[in-house]
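Worksheet for the structure shown next.
The values are calculated or read from the model by the stated rules, or taken from the named source; none is laboratory data. Keep in mind that this is a model prediction, so the values were computed, not measured. Please note: Cβ atoms are built from the backbone with ideal geometry, for glycine as well, and neighbour counts cover all protein chains shown. With ligands, DNA and RNA removed, areas are computed over all heavy atoms of the protein, side chains included. Shrake-Rupley method; radii C 1.70, N 1.55, O 1.52, S 1.80 Å.
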Amino acid sequence: MAHMPYLLKSPHYEIVALCNSSVEAAAAAIKAHGFPESTKAYLSPEELAVDHSVELVICSVNVKKHYDPSKPSLSAGKDCIVEWPLGANLKETEELTQIAKEKGCKTAVVLQARFAPVVTKIKELLAAGKIGPVLSSTFVGACNYHSGTEFVGVEYHMDINSGGNMVTIHYGHGKHRRIIFW
C-alpha cells in the first residue's frame, strides 16, 4: 500500500522480481498486482541478490526482518531502499552500512509519513498562512491506528528488541521529512 502504487506508476522503475516467504506467495503477489508474466518469483534473498536483472532492492517488511533480506543484496553490490529504520538495532545498521560502503552501493531508508493526507494538508495550511505563526508543536504516536482499542499484533511495537517500537517507527516516520542516504 505504501510503495507499490508509486512504483507501478513511475516510468523510472520496472519491477522484475519479487521475493516472499514462499515462491507461491511471490507468484500470487505478482498476479495480484498485474505484473508481467516475466516477473520472477523468489523464495530467498540470496537468489534475488544474484539476479543480474535486479539493480535496486526494496525491502518493505517488518523491522526485525530488514537485515536478512537486505544483507545479500548489499553484499552483491546492489542498492537497497529499506523501510525505516535500516536495521532493527545499531549493530545491524552499522554492519549493513559498512557492507554498502565496501561494495560501493547505496542504502536509503524511506519515511513515507510526509505524504500522508493529514500531513500534506497541514503543510498546505502552514504554507498558505491560514493558521498564523506556529509557536510550538507536539507529536503524538499511538499503536491503535484505526480504532479505540489496541490492534492485533501490538506486542510487536511494545517489544524494545523488535526494532519496530514507538520511537523507531512512529517518531522516526513522523519526525523526518526526506529520504536519508548513507
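Looking only at segment 16-44, count every residue that is within 22 Å of CYS80 (Cβ to Cβ) and surrounded by 14 or more Cβ atoms within 10 Å (Cβ to Cβ) and tell me the total.
Residues in segment 16-44 being within 22 Å of CYS80 (Cβ to Cβ) and surrounded by 14 or more Cβ atoms within 10 Å (Cβ to Cβ): 17 in total.
Kindly indicate whether any position in segment 165-179 is in contact with a Lys or Arg (Cβ under 9 Å, 6 or more places away or on another chain), at pLDDT below 80 and surrounded by 16 or more Cβ atoms within 10 Å (Cβ to Cβ).
yes
Of the residues ALA113, ALA88, which single one is assigned to a helix (DSSP H, G or I), in contact with a His (Cβ under 9 Å, 6 or more places away or on another chain) and at pLDDT below 90?
None of the others qualify; the one that does is ALA113.
For the structure I just gave you, tell me whether HIS33 is modelled with pLDDT of 95 or more and more than 29 Å from LYS91 (Cβ to Cβ).
So HIS33 fails the test.
Only residues that are among the charged types (D, E, K, R) and under 20 Å from the mean Cα position of the chain (by Cα): list them for segment 29-69, please.
Those that are among the charged types (D, E, K, R) and under 20 Å from the mean Cα position of the chain (by Cα): GLU46, GLU55, LYS64, LYS65, ASP68.
Could you check segment 98-132 and list, in sequence order, the residues that are polar (S, T, N, Q) and either open to solvent by less than 80 Å² (accessible area, probe 1.4 Å) or within 25 Å of LEU7 (Cα to Cα) (or both)?
If the condition is that a residue be polar (S, T, N, Q) and either open to solvent by less than 80 Å² (accessible area, probe 1.4 Å) or within 25 Å of LEU7 (Cα to Cα) (or both), then THR107, GLN112, THR120 are the ones that fit.
If you scan segment 24-44, which residues turn out to be without any contact (Cβ under 8 Å) to a residue 24 or more places away in the chain and either of a type in the set (Val, Ile, Thr) or not in a loop (DSSP other than H, G, I, E, B) (or both)?
Result: GLU24, ALA25, ALA26, ALA27, ALA28, ALA29, ILE30, LYS31, ALA32.
Looking only at segment 45-54, which residues are open to solvent by 90 Å² or more (accessible area, probe 1.4 Å) and not in a helix (DSSP H, G or I)?
If the condition is that a residue be open to solvent by 90 Å² or more (accessible area, probe 1.4 Å) and not in a helix (DSSP H, G or I), then VAL50, HIS52 are the ones that fit.
Hey, any hits in segment 9-23 for a residue that's part of a helix (DSSP H, G or I) and modelled with pLDDT of 90 or more?
Within segment 9-23 (the criterion being part of a helix (DSSP H, G or I) and modelled with pLDDT of 90 or more), the answer is yes, since at least one residue qualifies.
Out of all the residues in segment 39-95, which are aromatic (Phe, Trp, Tyr) and in contact with an Asp or Glu (Cβ under 7 Å, 6 or more places away or on another chain)?
Matches in segment 39-95: TYR67 only.
I need the full set of residues from segment 64-79 which are surrounded by fewer than 22 Cβ atoms within 10 Å (Cβ to Cβ), among the small types (Gly, Ala, Ser) and assigned to a helix (DSSP H, G or I), in order please.
Answer for segment 64-79, where residues must be surrounded by fewer than 22 Cβ atoms within 10 Å (Cβ to Cβ), among the small types (Gly, Ala, Ser) and assigned to a helix (DSSP H, G or I): just SER75.
Considering every residue within segment 84-97, establish whether at least one is aliphatic (A, V, I, L, M), over 28 Å from ASN161 (Cα atoms) and open to solvent by 30 Å² or more (accessible area, probe 1.4 Å).
Looking for residues that are aliphatic (A, V, I, L, M), over 28 Å from ASN161 (Cα atoms) and open to solvent by 30 Å² or more (accessible area, probe 1.4 Å), one finds none in segment 84-97, hence no.
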